[in-house]
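Worksheet: one structure, shown below.
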Amino acid sequence: MKKVQKEKLEDLFERLAGDGVLYLPLEEDGVVNFAPWKKGARVNLEALNTVLPPKRAIFPQTETYMRFETDGKKLQIEQVEPVEGNYFLFGVRPCDMAGIKVLDKVFLDEPEDDIYSRRRQAGTILSLGCNDPHVSCFCSAFDLEPGFAPDADVALWDVGEVLLWKPLSEKGEKLTSSVEDLLEDASAEEERAAEEQRNSAAATVAAAAREHGWNVEGVEEALQDMFEAELWDKLYRRCLGCGICTYICPTCHCFDVEDFGKWQEGERFRCWDSCMFEEFTLHASGENPRPTQKERVRQRFMHKLCYYPSNFEGLYACVGCGRCVRQCPVSIDITQVIKEVGGVKSGS
């Protein structure tokens, strides 16, 4: 295992930014989000979660993929290619890495989304293990470890004055070789410290899951018989339909395709959408299969905890990051849904 001294991080960032776009958790006006790094930017690697997940680098909130122009009866169409070039996502938390793997299932399974695929392949992801999980973190409910992201290209751990560095993939090995002069061999004591932090973080989240009953075992099966359950009547009456839960979610991937322009020219783009919005399922005929917020709230939880795992071999479309728990203005809490469904399942 290698390590990089924190005093050398600025040099490392300059090196990476010279080889592509470097996305880091940057703080501006008290808000931390992944954004392209520039010299002098305020990097915050201690923030547990950014407000928006780093999926934006791979699945942008808006992206144009076609422009068109008419000249009489002639129509010219220009395919807009995604921006080419390498990029680095530095400091991705294990839950957000798991969220990217959920997106991979959606966009890389057949039929493959070419734009997403090319952007995904261009990136190198460096994860950062969590040392001190928040009380709203419940990643262990989905068999995730807060201190380690096995699907990242490089795993990092903060052990004081250094970040430990472990390549996990061919991309990670290549990156490690390219910055080898900035790295040193980690000591056995530092490796033990990282292991202790991993174990401590895992124990903290697991203990909270046991205490609060955040156990998803059997939840998928139980929900299959709960389409008309009273649970949805209780939940939807509080929902404002603001969509914040979906926009800050690292696994939500719904999008809309729209045309925008003037009479003779325009563009076609896709942008994030939300199943919490009335227009999401509104047909051109005026029919809407989810006419009230009850159907929309039910769909959100059924998708994450039932439909998605049914389609993808038990993989839930939730990674326990806690963003929606912390940000919902009316305190609709997915962990309470998990707990209640578990109670219904067990007959309690």
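Every number in this text was worked out from the coordinates using simple rules, so none of it is lab data. Just so it is clear, the model here is predicted, and its values are computed rather than measured. Neighbour counts are summed over all protein chains in view; Cβ atoms, including those assigned to glycine, are modelled from backbone coordinates with ideal geometry.
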Quiz item: Of MET66, MET226, MET276, how do they rank once you tally other Cβ atoms within 10 Å and put the fewest first?
Solution: MET66, MET226, MET276
Quiz prompt | For GLU110, GLU196, order by how many other beta-carbon atoms lie within 10 Å, fewest first | solution = GLU110, GLU196
Exercise. Would you mind ranking ARG67, ARG119, ARG296, ARG192 so that the residue whose beta carbon has the fewest other beta carbons within 10 Å leads the list?
Key: ARG192, ARG67, ARG119, ARG296
Quiz item: Can you give the charge dipole size of the chain about its Cα centre, rounded to the nearest 20 debye, using +1 on the beta carbon of Lys and Arg and -1 on the beta carbon of Asp and Glu?
Solution: 840
Quiz prompt | the range 220-346: radius of gyration and largest Cα-Cα distance (Dmax), Å | solution = 16.3, 62
Exercise. Just report the Cα centroid separation between the range 277-299 and the range 31-85, whole Å.
Key: 28
Practice problem: Assign one of three labels to the range 124-170, namely rounded, prolate or oblate, based on the Cα gyration tensor with a ≥ b ≥ c the square roots of its eigenvalues; rounded applies when a/c is under 1.5, prolate when it is not and a/b is larger than b/c, and oblate otherwise. | Solution: oblate
Quiz prompt | Convex hull per residue volume in Å³, alpha carbons only, for the chain | solution = 165
Quiz item: Under 23 Å from the Cα of LYS2, which lysines turn up, not counting those fewer than eight places away in the same chain?
Solution: LYS166, LYS171, LYS174
Quiz prompt | 19 Å Cα-Cα reach of LYS8 towards aspartates and glutamates, excluding residues that sit fewer than 8 places from it in its own chain | solution = ASP19, GLU46, ASP158, GLU161, GLU180, ASP181, GLU184, ASP185, GLU190
Exercise. Once every Cα of the range 81-153 carries one equal point scatterer and solvent is ignored, give the base-10 log of I(q)/I(0) from the Debye formula at q = 0.13 Å⁻¹, two decimals.
Key: -0.44
Quiz item: Using a Gaussian network model of the chain with C-alpha springs under 10 Å, which one of GLY322, GLY129, GLY30 is most mobile by mean-square fluctuation?
Solution: GLY30
Quiz prompt | Mean-position separation - Cα centroids, the range 129-151 and the range 222-263, in angstrom | solution = 25
